[in-house]
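The structure under discussion appears below in the form of structure tokens.
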Amino acid sequence: MRAAGLVVWQAHQAAARILKPGVSTEQLNQAYRDTFTRCDATPLFLNYGGPPGFPAETCISINDEIVHGIPGSRLVEEGDLVSLDTGCRLNGWCGDAAVTHAVGSISVSHQKLLDVTLGALNLAIELMATCSRWSQVAKEMEHLVKSAGFFVVEEMVGHGIGQNLHEPPQVPNYLSEALQGSEDFDLRPGVVLAIEPMVNLGTNAVVCLDDDWTLVTDDGKASAHFEHTIAITGEGPLRLTGPPSEEELRELPDWLQDREQWVIW
Ligand code: MG
């Protein structure tokens, strides 16, 4: 799963390098497609849910779009929040990760939204080292987001991941009724989860657009999304979609050798 996760990481780096005002979302998607082709990995989002299914390798969701935005001719603008979510399968195993980028300068409230959403992901990963049940982690994620005055998206949740992109259990980013009942689960070595808080600035009401994919905020205000695929090991949580070790880096192409240029989350 680490091999698949490292391809996902590389694809996100490729897209981050071309992300600037004027680039189209289709061009960003092409960066993902090219990376998967180069690495002989199978994109998992293309045709997902089909036929016909999702029409691209990556979900690209801008500003009030929460998740599942479809790449196309839309051009990225200064001040946009661009969420990029992708996954692939390599040698039978899957990886899934998402990041929200600020394009140029953004407002204080948008920066806080990014910080809190990423903070919720990092808090979850940290707590997975010590908590025995997911409900304990979800409760703390929800508390962090609400304390900041923001809203956890409840319609979409994280998930187990392994040989398939979406496996049980469901992994809510808040203390859902299900988590207080029979759908809570143990955090123990061997468990692998895609953890993906989605946080809205002004509401937790969401709407699906006529394309039947794009989920947007009901109030038109911004949303953010960060995700990593995390394995619980005997030594603690491991970011399977995180940056390369020294040893792994030696196998990666030249353009990735400069750490200063990495986008880390
Ligand atoms: Mg996911």
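The values are calculated or read from the model by the stated rules, or taken from the named source; none is laboratory data. Keep in mind that what you see is a predicted model, and the values were worked out from it rather than measured. With ideal geometry, Cβ positions are generated from the backbone for all residues, glycine too; neighbour counts draw on all protein chains shown. SASA here: full protein model, heavy atoms, side chains in, ligands and nucleic acids out. Shrake-Rupley method; radii C 1.70, N 1.55, O 1.52, S 1.80 Å.
For region 127-173, GluC sites (Glu not before Pro) meeting the loop criterion (DSSP other than H, G, I, E, B) and having at most 13 other Cβ atoms within 10 Å: 155. The packing ranking, built from the mean of other Cβ atoms within 10 Å per residue, places the peptides 217-224, 174-181 in the order 217-224, 174-181, highest first. When you work out D = kT/(6 pi eta Rh) for the chain at 10 °C and 1.306 mPa s, using the Kirkwood radius from C-alpha pairs as Rh and the Stokes-Einstein form, the result is 86 µm²/s. If you take the charge dipole of the chain about its Cα centre, with +1 on Lys and Arg Cβ and -1 on Asp and Glu Cβ, which of 262, 123, 46 is farthest toward its positive end? Positive-end residue among those listed: 262. Rolling a 1.4 angstrom probe over region 2-261 with all protein chains present gives an accessible area of which 49% lies on carbon and sulfur atoms.
In terms of the ratio Rg/(2.2 N^0.38 Å) built on C-alpha atoms, what value belongs to region 1-136?
Here the answer is 1.10, to two decimals.
Taking Lys and Arg as +1 and Asp and Glu as -1, the other residues whose beta-carbon sits under 12 Å from that of residue 177 total -3.
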